[in-house]
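Here's the structure we're looking at; comments come further down.
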Amino acid sequence: MSTITNNMSHIEVKEECLTIISPLANIPLFEFHRQRLAKQGYTLTSKILKHRFEMVDENGVMTNLIDGQSYYAATYTRQM
């Protein structure tokens with residue numbers, strides 16, 4: 001769930017994201033169908049592309065996740 005605030009209004013956006021990663025490009029889409037995510041209200045948010053995952057802590061220290069390898073990722077969202 002996200003909350004968006006600006007000077008004029010306070011809007012609460014109830015949204016859930018699910019990201020599926022795989023070394024193969026077709027697996028995130030296959031899992032979308034296998035897990036019946038469309039019936040659960042999920043839609044694809046962006047293209048399925050290769051990503052490298054990094055975590056940055058509050059001190060600005062970066063750590064490569066998943067051994068620094070790149071994986072195909074698909075992010076799906078649904079309104080809550």
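Does Glu58 satisfy the criteria of being at pLDDT 95 or above, more than 16 Å from Ala74 (Cβ to Cβ), surrounded by 10 or more Cβ atoms within 10 Å (Cβ to Cβ) and not β-branched (Val, Ile, Thr)?
No.
Since Leu18 meets every condition but one in (1) surrounded by 10 or more Cβ atoms within 10 Å (Cβ to Cβ); (2) farther than 11 Å from Thr75 by Cβ; (3) at pLDDT 95 or above, which condition does it not meet?
Of (1) surrounded by 10 or more Cβ atoms within 10 Å (Cβ to Cβ); (2) farther than 11 Å from Thr75 by Cβ; (3) at pLDDT 95 or above, only one is false for Leu18: (2).
In region 26-36, which residues are surrounded by 14 or more Cβ atoms within 10 Å (Cβ to Cβ) and more than 18 Å from His51 (Cβ to Cβ)?
Gln35
Looking at (1) under 13 Å from the mean Cα position of the chain (by Cα); (2) exposed (fewer than 13 other Cβ atoms within 10 Å of the Cβ), can you tell me which one Pro23 breaks?
(1) is the only condition that Pro23 fails.
The values are calculated or read from the model by the stated rules, or taken from the named source; none is laboratory data. All values reported here derive from a predicted model rather than from experimental measurement. Glycine gets a Cβ as well: all are built from the backbone with ideal geometry, and neighbour counts include every protein chain shown.
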